[in-house]
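A short worksheet on the structure shown next.
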Amino acid sequence: MTHDQPYGRPRPGLMPPSFPSALAQPRHAAPSVIPVAPASPAAMPVPPRRGRTAPIWIAGILVLVLVALVGYFLNALGPAASLIGMVLALIPLAGVLLAVRIVDRWEPEPRGLIVFAVAWGAIAAVGIALGVDLVLSIVFGTASTPQAEAVSAIVQAPIVEEFGKGLGVYIIFVTARRAFDGPVDGIVYGALIGAGFAFTENIQYFAVSFLEGGAADTTVTFFMRGILSPFAHVMFTSVTGFALGLAARRGASAGRAIGPWIVGMIGATILHAIWNASAVLGDFWGLYLTLQVPLFVGFILGVIALRREESRLTRRRLGEYAEAGWFTMQEADMLATGAGRKAGLAWAGTLRGDRTPLMKGFIADATALAAARQRAITGRDPQAAEDEHVLLQRTATARSALFAP
């Protein structure tokens, strides 16, 4: 026995055979069995896009017309004036799009159709108006007298422009019927097309004012068009959209909707002609205060009334699902009112992990579910049952996630 080997045991080495390294931990007990990982949850189903998009070939035509319009503006106005006009035109466009977004918030339209509507107004409708102007100037000559200019502004412009814009609303009605449920949808699409048209038209007006009168004239033109009347074209084309929305609510086919479409364009043309006449012939400020302002107020009140009707319709349809056990009646009430949705979003924000996005998806899918059932009840959408199946899965999944611990 030595001092280095007490009690007769050998001195342990730094790398004993039982340990893989000097820092390894000894095994004191058998490890527990790792449970098998559960199967991955099924992907959230997505409603089919069929009947909710515009044909791709129309987008190709829009691109070609856009190239022609850019060339026209650069040649007629120059790059500097065109750029100044475009920057100024973006300001009223942003305000109009924000207002339309508020109207569309109840049941948002597909983003692709929103982009298409604005593009149609800004490109195709303007191209149609400029093309007709070119043909008429070749056939009859340029309007050079005050009488000819008045006829062009009061008769020709309203008819041609409202037809060009209204054609875009009708194309959406025909090609994307599953996203065109009623008057509110029609107003939204009409307003977006009108906003796009006003944007391109404002570029021209602002650029010409800058070239002819500098900053002073440009400021006056911006005040008149960008501040006093940014919603003029929006209101005109919304009349066409409203008429087609009523046709959609009644289940009219593309052929039977032509009558309401024409009636809507006539109404839009009359409003447009009155607006132009007030600037060309009459007392603009007098007509603006006594006619245009009341029309705008009536337009807002009409949209509010239609939104309330959408709310009642949503509550009625979701109540039917609540009776079948998919929702509670309290949830149906929450989903069908603005105040209820706001309270639901606030409650979701207090949950673990902030489930506000989940609640937003739940609200959107439940609203779309109510619209799908309405289409099924009216019999105008043979694929409504497919939408219903997908949206029920989505709402059930979101509902379970919201109440998960």
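Any read-out appearing in this document is the output of simple, stated calculations on the displayed coordinates, not a laboratory observation. Treat the numbers as computed from the prediction; the structure is a model and nothing was measured. Virtual Cβ from ideal backbone geometry, glycine too; neighbours counted across all protein chains shown.
Taking 0.36 nm per residue of separation and subtracting the Cα-Cα distance, full extension of the segment from Ala305 to Ala80 would add 76.5 nm.
Annotation: extensible slack from Phe296 through Phe284 equals 2.8 nm (criterion: 0.36 nm per residue apart, minus Cα-Cα distance).
Descending by average beta-carbon neighbour count within 10 Å, the peptides 329-340, 192-203 line up as 192-203, 329-340, the highest first. Highest mean first, the peptides 263-276, 159-172 sorted by other C-beta atoms within 10 Å per residue fall in the order 159-172, 263-276.
Per-residue Cβ neighbour counts within 10 Å put Asp387, Asp104 in the sequence Asp104, Asp387, beginning with the fewest.
Equivalent-ellipsoid semi-axes for the chain (Cα gyration tensor, √(5λ), whole Å, largest first): 60, 30, 20.
For the stretch 286-296, 3J(HN,Hα) computed residue by residue from phi via the Karplus equation (6.51, -1.76, 1.60; θ = phi - 60°) reads x, 5, 4, 6, 8, 10, 5, 4, x, 4, 5 Hz, glycine and proline entered as x. In terms of the Cα gyration tensor, with a ≥ b ≥ c the square roots of its eigenvalues, is the stretch 210-291 rounded because a/c is under 1.5, prolate because a/b exceeds b/c, or oblate? It is prolate, given that a/c is not under 1.5 and a/b is the larger ratio.
For the stretch 221-268, the relative contact order works out to 47 percent when only alpha carbon pairs closer than 8 Å and six or more residues apart are counted. Spread over its residues, the convex hull of the C-alpha atoms of the stretch 267-405 is 150 Å³ per residue. Between Ile274 and Ala343, the simple spin-label model (points 7 angstrom out along Cα→Cβ) gives 4.1 nm.
The relative contact order of the stretch 56-282, computed from alpha carbon pairs under 8 Å that lie at least 6 residues apart in sequence, is 29 percent.
According to the square roots a ≥ b ≥ c of the eigenvalues of the Cα gyration tensor, what is the shape class of the stretch 56-282, taking rounded for a/c under 1.5, prolate for a/b larger than b/c otherwise, and oblate for the remainder? Taking the square roots of the gyration eigenvalues as a ≥ b ≥ c, the stretch 56-282 is prolate.
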